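Single-structure report; data block below.
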Amino acid sequence: RGNVGITGDVLLNGFPQEKISFKRCSGYVEQFDIQTAELTISESIRFSSQLRLDRTNPVHDSPDGLERHIDQIIETLGLTREADFLVGSDEASGLTFEQKKRLSIAVELAASPSIVFLDEPTSGLDARAAL
């Protein structure tokens, strides 16, 4: 077959994107979660927000803006009851498979991307959980 290359333009809302600007405005959720077992859901999202949000982001306009941002993500993804639960690991107790999937999405949403790519977000979930 040989080497086949992919060519084309990357457009977002009809505008060409440079590689660095596209990376900043997009998020990617892997199929398998890779979260720190020793953190809670809230801490995981807070860490991602603090690490990835630019200081010019409107979240930083008020003293409680970051906390409201984190709380909104937690509520949107239905993780309010579990917000203070440790992520845990497969060997130790922790979040369920479904909760870990939602946490992976939440960690990406913490960066306020314009677009999110999800790699098989519903694989391994039952019909109810996939909604």
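Checking every one of the GluC sites (Glu not before Pro) in region 28-86 against DSSP loop status and a limit of 13 other Cβ atoms within 10 Å picks out E30, E38. Between L51 and E120, the contour length at 0.36 nm per residue exceeds the Cα-Cα span by 22.3 nm.
Taken per residue, the accessible surface of region 50-131 reaches 64 Å², heavy atoms only and a 1.4 Å probe.
Of the chain, which part is the longest with no trypsin sites (Lys or Arg not before Pro) in a loop (DSSP not H, G, I, E, B) and with at most 10 other C-beta atoms within 10 angstrom? Segment 2-54 is the longest. When the solvent-accessible area of region 41-131 is split by element, carbon and sulfur atoms take up 52 percent of it, the probe being 1.4 Å.
So what is the calculated 222 nm ellipticity per residue for the chain, using -39500 (n - 2.57) for each DSSP H run with n of 4 or more, over all residues, to the nearest 500 deg cm²/dmol?
Counting only the DSSP helices, I get -10500 deg cm²/dmol.
Distance distribution note for region 10-60: the fraction of Cα pairs above 14 angstrom is 68%. Name the most mobile residue of I73, I115, I45, meaning the one with the largest mean-square fluctuation, in a Gaussian network model of the chain with Cα contacts below 10 Å. Maximum among the listed residues: I115.
Pairs of Cα atoms nearer than 8 Å and 6+ residues apart set the relative contact order; for the chain it is 39 percent. You can think of it this way: the chain between D64 and F97 has 8.8 nm of extra reach, that is 0.36 nm per residue less the Cα-Cα gap. The calculated FRET efficiency for Q72 paired with I20, based on their beta-carbon distance and R0 = 30 Å, is about 0.65.
When the convex hull of the Cα atoms of the chain is projected onto a plane and the area is averaged over all directions, what value comes out in nm²? Over every viewing direction, the Cα hull of the chain projects on average to 11.4 nm².
Placing a pseudo-label 7 Å from each Cα along the Cα-to-Cβ vector at V10 and L39 gives an inter-label distance of 2.4 nm.
Computed about its Cα centre, the charge dipole of region 2-87 is approximately 360 debye, with only Lys, Arg, Asp and Glu carrying charge at their Cβ. Please work out the C-alpha center-to-center distance from region 104-123 to region 37-54 and express it in whole Å. Taking the Cα centre of region 37-54 as reference, the centre of region 104-123 is 14 Å away.
The values are calculated or read from the model by the stated rules, or taken from the named source; none is laboratory data. Small disclaimer: the values here were computed from a predicted structure and weren't measured. FYI the Cβ positions are ideal-geometry reconstructions off the backbone, even for glycines, and counts take in every protein chain you see. Each accessible area value is taken on the protein alone, full model and side chains, heavy atoms only, with ligands, DNA and RNA left out. Shrake-Rupley method; radii C 1.70, N 1.55, O 1.52, S 1.80 Å.
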